[in-house]
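Novice: This structure is in structure tokens; I'll ask about it shortly.
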Amino acid sequence: MSLIALTGGIASGKSTIARRLAEHGAVIVDADQIVRDVQSPGSPVLAAIVTEFGSGVIEHDGALDRAALGERVFGNDEALARLNSIVHPAVREESARRFAAAFAADPESVVVYDVPLLVEARVDDPWDLIVLADAPAELRIRRLIELRGMAEEAARARVAAQVPDAARRAIADIVVDTSVSLEETRRQTDDVWARLAVHEPRGR
């Protein structure tokens, strides 16, 4: 069995790599989806968020208003730390449960954890390999503007708020250059899959 971390900055092309690995048979566990799941209406995590940040972060239907919460924590390190102290433990527990379920279903599984905040929160977990989706900041900003409709100022602020690219490269075992064509990104991902079949675990 193999437990792989797939990380990268916003608009770095992680989803393209994850989809290609899934086509090869990898089990993808999406950290962003887990965050949404543990913050669902009625969850202890959502209740703790309301206690910490107030009812103004809740939509009329009881769901989390992510935009409102984002306004409260973006650019505020202390508020972000409080939020992370609520969310990260729940995400860690749920991700571990999903890893275990995948390996129980098939002990030979390759499980890929698609996790944006690896450097910030999970770098010391026992990953067999860390794969980085890597693209220059200016290209990621352009993608945010052109593909996600962000204003340039907001796009630059989002990229600047994340850890530096060098910090991600420093912990990566494999770097996939996603500044190239989609076809070339997929070819590099195919090479990653081939390596997964023969790699030596980094910490086991």
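The values are calculated or read from the model by the stated rules, or taken from the named source; none is laboratory data. All values derive from a computational prediction rather than experimental measurement. With ideal geometry, Cβ positions are generated from the backbone for all residues, glycine too; neighbour counts draw on all protein chains shown. Calculation scope for accessible area: heavy atoms of the full protein, side chains included, ligands and nucleic acids excluded. Shrake-Rupley method; radii C 1.70, N 1.55, O 1.52, S 1.80 Å.
Novice: Within region 169-204, restricting attention to residues that are in a loop (DSSP other than H, G, I, E, B) and modelled with pLDDT under 90, which residue is farthest from E71 (Cα to Cα)? Reasoning before the result, please.
Specialist: Keep residues of region 169-204 that are in a loop (DSSP other than H, G, I, E, B), which gives 172-173, 178-181, 197-204.
Next, only the ones that are modelled with pLDDT under 90 stay: 197-204.
Working: A197: 43, V198: 45, H199: 43, E200: 43, P201: 41, R202: 39, G203: 39, R204: 41 Å.
Among them, the one singled out is V198.
Novice: Out of all the residues in region 1-25, which are closer than 21 Å to R158 by Cα, in contact with a Leu (Cβ under 8 Å, 6 or more places away or on another chain) and surrounded by fewer than 20 Cβ atoms within 10 Å (Cβ to Cβ)?
Specialist: Result: I10, T16.
Novice: Take V119 and decide whether it is at pLDDT 95 or above, buried (at least 18 other Cβ atoms within 10 Å of the Cβ) and under 15 Å from the mean Cα position of the chain (by Cα). Break it down stepwise before answering.
Specialist: Details: at pLDDT 95 or above: no; buried (at least 18 other Cβ atoms within 10 Å of the Cβ): yes; under 15 Å from the mean Cα position of the chain (by Cα): yes.
When the stated conditions are applied, V119 does not pass them.
Novice: Turning to a different aspect of this structure: From the list S55, S12, S43, which one is in contact with a strand residue (DSSP E or B) (Cβ under 8 Å, 6 or more places away or on another chain) and not basic (K, R)? Before you say what the answer is, go through the steps one by one.
Specialist: Values: S55 fails: in contact with a strand residue (DSSP E or B) (Cβ under 8 Å, 6 or more places away or on another chain); S43 fails: in contact with a strand residue (DSSP E or B) (Cβ under 8 Å, 6 or more places away or on another chain).
Checking each option against the conditions leaves just S12.
Novice: Looking at region 22-36, which of its residues are of a type outside the set (V, I, T) and in contact with a helix residue (DSSP H, G or I) (Cβ under 6 Å, 6 or more places away or on another chain)? Show your work before the answer.
Specialist: First, the residues of region 22-36 that are of a type outside the set (V, I, T): 22-26, 30-33, 36.
Answer for region 22-36, where residues must be of a type outside the set (V, I, T) and in contact with a helix residue (DSSP H, G or I) (Cβ under 6 Å, 6 or more places away or on another chain): just H24.
Novice: Go through region 131-168 and report how many residues are over 15 Å from T7 (Cα atoms) and either touching a His at 6+ places or on another chain (Cβ under 8 Å) or assigned to a strand (DSSP E or B) (or both).
Specialist: The qualifying residues number 0.
Novice: Tell me, which helices (runs of 4 or more DSSP H) wholly within region 26-89 include 3 or more residues that are under 29 Å from A100 (Cβ atoms) and either small (G, A, S) or open to solvent by 80 Å² or more (accessible area, probe 1.4 Å) (or both)?
Specialist: On the way: elements: 31-38, 44-53, 66-73.
Helices (runs of 4 or more DSSP H) meeting the threshold: 44-53.
Novice: Go through (1) modelled with pLDDT under 95; (2) touching a Ser or Thr at 6+ places or on another chain (Cβ under 8 Å) and name the single condition I130 misses.
Specialist: (1)
Novice: Let me ask another. Does any residue in region 34-62 that is over 17 Å from H88 (Cα atoms) come within less than 7 Å, Cβ to Cβ, of a residue that is acidic (D, E) six or more places away or on a different chain, and which pairs are these?
Specialist: Between residues of region 34-62 that are over 17 Å from H88 (Cα atoms) and residues that are acidic (D, E), the close pairs are V57/D65; I58/D65; E59/D65.
Novice: Go through region 1-25 and report how many residues are part of a helix (DSSP H, G or I), among the hydroxyl-bearing types (S, T, Y) and more than 10 Å from the chain's Cα centre (by Cα).
Specialist: Kept after step one, since they are part of a helix (DSSP H, G or I), are these residues of region 1-25: 14-24.
Narrowing the set further to residues that are among the hydroxyl-bearing types (S, T, Y) leaves 15-16.
With the extra rule that they be more than 10 Å from the chain's Cα centre (by Cα), the set shrinks to 16.
So the count comes out to 1.
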